[in-house]
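Before any comments, here is the structure.
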Amino acid sequence: MQHKASGNTPAVRDLVDIRNLTDAQFLSLGLPSLVYVRRESQFGQEVFTIYAANGELMGTTEDSEMVRSAIDEHALVATLLH
């Protein structure tokens, strides 16, 4: 038996034209698995902060290994910002 794909299937219905994104769609790009890590200074101490793709702060630590562990544990994809 063959099934014909309809325009109401989740795969077709959820497609987004990236050339015409709304502000909300742009802010949600990469969520929930894309994060970025930034090295910052807080109170004179160097820390690593993890932000969601939309800029929401997810966590802060002084230990770079802890950042790697958190990223691996939650199956995230990370990039480093300078």
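The values are calculated or read from the model by the stated rules, or taken from the named source; none is laboratory data. As the structure is a computational prediction, the values presented were derived from the model and not from experiment. Ideal geometry is used to build each Cβ from the backbone, glycine not excepted, and the neighbour counts take in all protein chains shown. Calculation scope for accessible area: heavy atoms of the full protein, side chains included, ligands and nucleic acids excluded. Shrake-Rupley method; radii C 1.70, N 1.55, O 1.52, S 1.80 Å.
Shape class of the stretch 35-82 from the alpha-carbon gyration tensor: oblate, with a/c at 1.5 or above and b/c at least as large as a/b.
Rolled with a 1.4 Å probe across the full set of protein chains, the surface gives Ser64 an accessible area near 40 Å².
Modelled spin-label separation between Asp63 and Thr79, with each label point placed 7 Å from Cα along the Cα-to-Cβ direction: 2.8 nm.
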